[in-house]
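Here's the structure, in structure tokens; my notes come after.
The values are calculated or read from the model by the stated rules, or taken from the named source; none is laboratory data. Given the structure is predicted, the values throughout are model-derived calculations rather than measurements. Here the Cβ positions follow ideal geometry from the backbone for every residue, glycine too, while neighbour counts run over all protein chains shown. Surface areas here come from the heavy atoms of the whole protein model, side chains and all, with no ligands, DNA or RNA. Shrake-Rupley method; radii C 1.70, N 1.55, O 1.52, S 1.80 Å.
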Amino acid sequence: MKLIINADDYGLTINVSKAIILGLKKGILTDTNAIVNTPDFKASAEMAQSHGIHEMGLHCLLTMGKPLSRPESIPSLVNEEGIFYDRKTFKNININIKEAEKEINAQIQTFLS
């Protein structure tokens, strides 16, 4: 049996990313996953690479922050300010699955790049 200790939300903030890198380097954590639609993701990705971390999972989000797609191209996922609906609201709306696929694909492409 192998124990995996995952730290969620790499890229949420610079400090969260620094803490996750420290945990990975010290062997406290064995895995992490990144969120890519945050203001600190790009700097966090560069920080991971500079610390020799080249593998992590992706945590796609449709309920926090700004989308990577143009808000007008995914209207069922965002409010009037172009921000994703929160979880509570998201559960109670009818989303367009094609719009969700579009945003998830944008997040995957950002992660891969």
**Item:** Portion, in percent, of the accessible area of the chain that falls on carbon or sulfur, probe 1.4 Å
**Value:** 55 percent
**Request:** Using only alpha carbon pairs under 8 Å that are at least six residues apart, calculate the relative contact order of the chain and give it in whole percent.
**Result:** 22 percent
**Prompt:** Between segment 74-113 and segment 26-44, how many Å separate their Cα centres?
**Reply:** 21 Å
**Complete:** For the chain, the percent of all C-alpha pairs falling in each 10 Å bin, from 0 up to the bin holding the max distance, is 14, 41, 28, 15, 1
**Prompt:** Under a Cβ-Cβ cut-off of 14 Å, what is the net charge of the residues other than GLU103 that fall near it, where Lys and Arg count +1 and Asp and Glu count -1?
**Reply:** +1
**Prompt:** Per residue, how many Å² of accessible area does the chain show with a 1.4 Å probe?
**Reply:** 64 Å²
**Request:** List the relative contact order of segment 61-113 as a percent without decimals, with contacts defined as Cα pairs under 8 Å and 6+ residues apart.
**Result:** 41 percent
